[in-house]
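Asks: Pasting a structure below so you can have a look.
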Amino acid sequence: MKKSIFIFFLMSIISKNVISQEYVWSVYNIKVDRINAGQVVSAMDKYLSKPGNLVDGVTVSLFEVMFANNDVDATHVISFTGSPDAMNAMYSSEQKDDWMVMMSTFDQLTESDGSAAGRSIHTFNAESSGPIHQIYMLDVAEPGKKADAFKEMWSTIKPDGRITLGQIVSGRQDGASHYVLATSNDFKDLVSGRSNDPKTQAAWAKYRKDGGATDVVSSQTRVLLKQWK
């Protein structure tokens, strides 16, 4: 599986700084020449804006890859997010003629670069979710310990933007089992370092200690172009 299989999502159901209902997702990575990118957006908008074509409770997001390693071929990422029931309804629905028209455009203008599916585990500060997503693919040795440490960490230190820990169920890359998604409002926000105050430093030290062995497999940055829900 290529290293361009990365994830991501936007949420809307929140309770204080913790999302009250987590979600499942699927992503499809595509490669498209920049000159043809507008036609892809138009084809998606024409289909998804038509009443009845977007399943209630499912959000579709189109991202452009901003930064990635040289071996990443994908230029864009299409993500689907929602509850298990909503996502199941989407994948169980009948494919209509206008779906085939949209897919014909994709066949002509894009190349597939892998896909993946999974679920979120803990999400914090969803109300501050920005359009830029930094995604870290992780190889986690002890998932339960990692999830507990992540929850304790971000319950103690509120993140500047939205942050999510999730599990990859299908389409894993190079041993990655989990991911962390962190959002930013703009480039300055993306490259700014985190706070170094004593409370934050202590929380990070405890998180690394309690979360068990974790290797960062790869990372990627992408920006939201358009969303349908």
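Asks: What number of residues within the stretch 29-67 satisfy the criterion of being in contact (Cβ under 8 Å) with a residue 60 or more places away in the chain, over 15 Å from the mean Cα position of the chain (by Cα), in a loop (DSSP other than H, G, I, E, B) and surrounded by 13 or more Cβ atoms within 10 Å (Cβ to Cβ)?
Replies: The qualifying residues number 1.
Asks: Sticking with this one: Among the residues in the stretch 141-150, are any among the small types (Gly, Ala, Ser), modelled with pLDDT under 95 and buried (at least 19 other Cβ atoms within 10 Å of the Cβ)?
Replies: The answer is no; no qualifying residue exists.
Asks: Which residues, taken from the stretch 187-207, are part of a helix (DSSP H, G or I), loosely packed, with under 12 Cβ neighbours inside 10 Å and either among the charged types (D, E, K, R) or touching a residue at least 12 places away in the same chain (Cβ under 8 Å) (or both)?
Replies: The answer is 188, 199.
Asks: Within the bounds of the stretch 88-110, is there any residue that is surrounded by 12 or more Cβ atoms within 10 Å (Cβ to Cβ) and in a strand (DSSP E or B)?
Replies: Within the stretch 88-110, one or more residues are surrounded by 12 or more Cβ atoms within 10 Å (Cβ to Cβ) and in a strand (DSSP E or B).
Asks: Could I ask something else about it? In the stretch 208-229, what residues are part of a loop (DSSP other than H, G, I, E, B) and either without any contact (Cβ under 8 Å) to a residue 60 or more places away in the chain or over 30 Å from residue 46 (Cα atoms) (or both)? Spell out the reasoning first.
Replies: The initial filter retains those residues of the stretch 208-229 that are part of a loop (DSSP other than H, G, I, E, B), namely 211-213, 229.
Passing the criteria: 211, 212, 213.
Asks: Moving to a separate point now. Please go through the stretch 68-87 and pick out each residue that is of a type in the set (D, E, K, R) and assigned to a helix (DSSP H, G or I).
Replies: 85
Asks: What's the number of the only condition in (1) under 16 Å from the mean Cα position of the chain (by Cα); (2) surrounded by 17 or more Cβ atoms within 10 Å (Cβ to Cβ); (3) within 30 Å of residue 91 (Cβ to Cβ) that residue 184 fails to meet?
Replies: (3)
Asks: For the stretch 166-181, enumerate the residues that are in contact with a helix residue (DSSP H, G or I) (Cβ under 9 Å, 6 or more places away or on another chain) and in a strand (DSSP E or B).
Replies: Residues satisfying the conditions are 167, 178, 180.
Quick grid of which residues meet (1) in contact (Cβ under 8 Å) with a residue 60 or more places away in the chain; (2) among the polar types (S, T, N, Q); (3) in contact with a helix residue (DSSP H, G or I) (Cβ under 9 Å, 6 or more places away or on another chain):
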| position | (1), (2), (3) |
| --- | --- |
| 73 | yes, no, no |
| 78 | no, no, yes |
| 92 | no, yes, no |
| 105 | yes, yes, yes |
| 109 | yes, no, yes |
| 149 | yes, no, yes |
| 157 | no, no, yes |
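The values are calculated or read from the model by the stated rules, or taken from the named source; none is laboratory data. Note that the coordinates shown come from a computational prediction; the quantities given were computed from them, not determined experimentally. Glycine gets a Cβ as well: all are built from the backbone with ideal geometry, and neighbour counts include every protein chain shown.
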